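This report refers to the structure that appears directly beneath it.
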Amino acid sequence: MQPFSRKVVEIQPPIALIFDWDNTLIDTWALLHAALEPTFREFGLQPWSFEETRQHVRRSARETFPELFGDRAEQAIATYIQHYREISIGKLKGLEGSQAFLEKAANEGCGPLSVVSNKTGTTLRDEAAQLGWTGFFSALIGAGDAECDKPSHAPVFMALSVSGVEAGRSVWFVGDTDVDVVCAKNAGCTSVLLRETPPIAREFAECPPDLHVKNFSELHTLLAQHGFFKSQLPC
């Protein structure tokens, strides 16, 4: 749990947390891939392999689908969303430790929790409701809700406006991909890379994460060390 920037970075105690959604809080790689495969086939494209899906799924569909499907992008988005919703029914699950962490952070944390995702906003909020997680968050901002999607700062500013928190280094943005790290930087926030493997050489050469944690247990420890929980230090 060390800073990963090229310079020594002063880590500010957090007053608010923002989370990515897919594969940060919930486990959806298999679902995303299973929905993309028939979508590609129906529009005459060679489907990605599972590893290609993991490599390419970063930006929102409204930004990437025009590159893939041209003037049929809107149809492809609708087709993909339909497949995803059908495939994901009853299969949504949080990543290990995520629900327990959210319960503690929402009840004992010193600041609001939000989600900023490149999943379509309506789908994001539907999934949070299915999991019973809506109440954990002050805002659930997805693709299409703000003027631009991640990595733009726009959805971060929208999410924080709900709770009246200003963007800055005391807002920690937790995510699993480079898009989340860049989004945090664009919004002036502290980036926390949450994934099992640490950054490898040159992986984040242009925009290294400020912090890396392997799992929610490490994230909890790190936040406790920085006074985020009421049981550790006064807010």
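Among the listed pairs K119/K214; K185/K214; K150/K230; K119/K230, give every one whose C-alpha distance is greater than 29 Å. Correct reply: K150/K230; K119/K230. Taking amide H as placed 1.01 Å from N in the peptide plane, S191 has its amide H under 5 Å from the amide H of F173, D210, L211, each at least 5 places away in sequence or on another chain.
Given a Förster distance of 22 Å, report the FRET efficiency between D27 and E67 from their Cβ-Cβ distance, rounded to the nearest 0.05. Let's see the in-between values first.
On the way: r = 27 Å, r/R0 = 1.21.
The formula returns an efficiency of 0.25 here.
Computed over the chain, the per-residue total of -39500 (n - 2.57) for DSSP H runs of n ≥ 4 gives a 222 nm mean residue ellipticity of -12500 deg cm²/dmol, rounded to 500.
On a per residue basis, the convex hull of the C-alpha atoms belonging to region 77-191 measures out at 106 Å³.
Working note: Debye formula, equal point scatterers on the alpha-carbon atoms of the chain, no solvent; log10 I(q)/I(0) at q = 0.11, 0.14 Å⁻¹ is -0.54, -0.88. For region 107-121, backbone phi angles converted through the Karplus equation (6.51, -1.76, 1.60; θ = phi - 60°) give residue-by-residue couplings of 8, 10, x, 8, x, x, 10, 9, 10, 10, 10, 9, 7, 3, x Hz, Gly and Pro being listed as x.
Which of the aspartates and glutamates could a cross-linker span from K91 if the Cα-Cα distance has to be under 17 Å and same-chain partners fewer than 8 positions apart are dropped? Candidates past the 8-residue exclusion: D22, D27, D126, E127.
In region 29-88, the convex hull through the Cα atoms has an average projected area of 3.6 nm², a quarter of its surface area.
Among the GluC sites (Glu not before Pro) within region 171-223, those in coil by DSSP and having at most 15 neighbouring Cβ atoms inside 10 Å are E196, E203, E206.
Read the figures in this text as sums done on the coordinates, not as results from a lab. The structure displayed is predicted, hence computed values, not measured ones. With ideal geometry, Cβ positions are generated from the backbone for all residues, glycine too; neighbour counts draw on all protein chains shown.
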